[in-house]
Amino acid sequence: MSVNYTIEKCEQVTELSLYKKLSSNPTFFYLDSKQAVSNLEVWSFMGVNPIFSVESKNNDVSIVSNFFKTDRHSLKLDVSVKEIIDKSLLDLKINDQSKIPFLGGWVCALSYEWLCKESQGGIFKKSLKNHSSETECFFSFYHDIYAINKNESSIYRVTLEKGIVINWINKQIKSQTKRRRFQEDVADYVITSDSLYKKRPFNLSSMETSKKNENEKEIPEILSKNAYFKKESLISNLSKQEYIERVKKVKARIKEGDIYQANVTQKFSAKMNVKIEDLYPEIRKKLEMPFGALIKYGEEAILSTSPERFIKIDGATILTSPIKGTIKSDSKKEQDTINKMDLMTSQKNRAELLMITDLERNDLGQICKTGTVKVKSLIKLESFSYLHHLVSHITGTLKDKLTIMDVILSMSPGGSITGAPKKRAIEILSQLEPCPRRWYTGSLGYIGLNKKCELNIGIRIMYTTHGLSFFHAGGGIVADSEPELEWEESMLKASIFLDLILDA
């Protein structure tokens, strides 16, 4: 089925004004690239009101609809998430002649546990038993999005033909009763969404704003008082000593030859005083992030300040860019130069990244054509406003007949946030870490009907529900890791959020 689309350039509309108009919507998404990681064009995407979502919860796969009402409807399906996403990309086709990489389709959030379970087998089923009410992954289908070109400072509204998409998903529901229920929801969606598109927040002329207003104060007064969180509510699931003990246990496993590396993490929580859509712009002012995001889904919201690409797919070309090695940037140029040199010459950090680069190269080798996997850059320094990292870039050409979901599940979870060998590292971490990681070290991003996909690694993530916020931090442990320094590195990574809490 061919799906038509339209592209409309939005004159005199800024990214900030668009964010202000859309972000309060409970189905809002924002895939936010604030800083380029190369000289290529930089794009961000925003949207609200998906036609439907596909989610996995407690091993059940469901279509979720009725987003305009408080009682969302969930209809169970007899297929896997992979099967329905694969089928959508096979059946729904668009004639892609645009430079815009994402023209509409799936916006997704994949939890670490779901990726482990789907890609590595049943080793995570036990740890998921006590969290069966939590969403494991979701794919929301957006037919109306805004694409922001950062290089040109231009914004485009992209709209897919929704009727064909609705007919397609309707055919995937085998039960007549469930199909009738979904048709009722979709009819309500069409009426309500069409009405909304004719007025705010979609009336572009009503959002006109001068470029000079971009730097005006846009954040609620409560944020100016540094009252983002209730400071006294901050807790971690591991004490400093408990974290250090886990590092020592991993080092013992490495010494025994069980693994070469594993990524140990801890989890923090705190009560929030503000809405997450009000917090995100404040964080965004301070951080340059090529793979930032804010995605709202039901009672949850996920905020990402990730610097790390997991997968980029364009046709048959695949790119993955693991990060290992982190040091804080410094406002004093001389000290910052010293920090960069310390990072680049650190044997421990270089060893970590070499191992993970080799792991990712082997993962790509399983799904790419023979001889096409190449390490394009090895141990490259990439700098952001807050931190410096070491990065490698590995590419390959996908084998014929494999799908985007084949790529995602074959590569998951990312080697940089698990360890090597990957499966054994995951097993050991599941014994050492007392809480699920959920969206942390999972993945956020898009899968377009034009067969283009980009997903991040969910590091520097905060997720919220019912006024509580959660975030994690950790680091890769190798044979010569020093436990005290590993704890300090985990706190450095957590400081993006800790500073917001402890400065209050």
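Read-outs: derived from the displayed coordinates by stated rules, not from any lab. Since the model is a prediction, treat every value here as computed from it, not as a measurement. Counting neighbours? That spans all protein chains shown, and the Cβs are built from the backbone with ideal geometry, glycine included.
Just to compare against my own numbers: the Cα pair-distance distribution for region 364-472, 10 Å bins, whole % per bin, please.
11, 33, 38, 16, 2, 0
At 0.36 nm per residue, and after removing the present C-alpha to C-alpha distance, how many nm does the segment from Thr317 to Val375 gain when stretched out fully?
Stretched out fully, the Thr317 to Val375 stretch lengthens by 19.5 nm.
Could you give the length gained by full extension between Leu402 and Ser430, i.e. 0.36 nm per residue of separation minus their alpha carbon distance, to one decimal place?
7.1 nm
Given a Förster distance of 60 angstrom, what is the FRET efficiency for Glu11 paired with Glu256, based on the Cβ-Cβ distance and rounded to 0.05?
Once rounded, the FRET efficiency stands at 0.40.
Measure out, as a whole number of angstrom, how far apart the alpha-carbon centroids of region 431-487 and region 322-391 sit.
17
Roughly how many nanometres apart are two label points built 7 Å out from the Cα toward the Cβ at Ser74 and Lys150?
In this crude label model, Ser74 to Lys150 measures out at 3.5 nm.
Identify the residues of region 149-176 with backbone N under 12 Å of a label point that sits 7 angstrom from the Cα of Asp60 along the Cα-to-Cβ direction, or state none.
Within reach of a label on Asp60, which here means backbone N under 12 Å from a point 7 Å along Cα→Cβ, region 149-176 contributes nothing.
Over 5 Å intervals from 0, what percent of Cα-Cα pairs in region 234-332 sits in each interval?
Going out from 0 Å in 5 Å bins, region 234-332 shows 2, 8, 11, 14, 17, 18, 15, 9, 4, 1 percent.
Could you work out the relative contact order of region 256-414? I mean the mean sequence separation of Cα pairs under 8 Å and 6+ apart, divided by the number of residues, in percent.
Over region 256-414, the number comes to 23 percent.
Past the 13 angstrom mark, what percentage of all C-alpha to C-alpha distances in region 75-117 do you count?
69
Just for the Cα atoms in region 276-321, what are the lengths along the principal axes, largest first, rounded to whole Å?
Result for region 276-321: principal-axis Cα extents of 38, 28, 12 Å.
Give the peptides 50-57, 426-433 in descending order of average Cβ contacts within 10 Å, highest first.
In decreasing order of mean packing, 50-57, 426-433 become 50-57, 426-433.
Quick one: give the max-minus-min coordinate of the C-alpha atoms of region 370-434 along each principal axis, largest first, in Å.
If we take the Cα atoms of region 370-434, the spans are 41, 33, 19 Å.
Kindly state, as a whole number, the per residue volume in cubic angstrom of the convex hull around the alpha carbon atoms of the chain.
148
Could you tell me, in Å, what Rg and Dmax come out for the Cα atoms of region 425-494?
15.3, 48
Helix 162-171 sits at what angle to the longest principal axis of the chain, using alpha carbons and giving 0 to 90 degrees rounded to 10?
80
Check Val61: other-chain or 5+ apart residues with amide H under 5 Å from its amide H, H built from backbone geometry?
Answer set, sorted by chain and number: Leu77.
Just need the relative contact order of the chain here, percent rounded to a whole number, with Cα pairs under 8 Å and 6+ apart.
22
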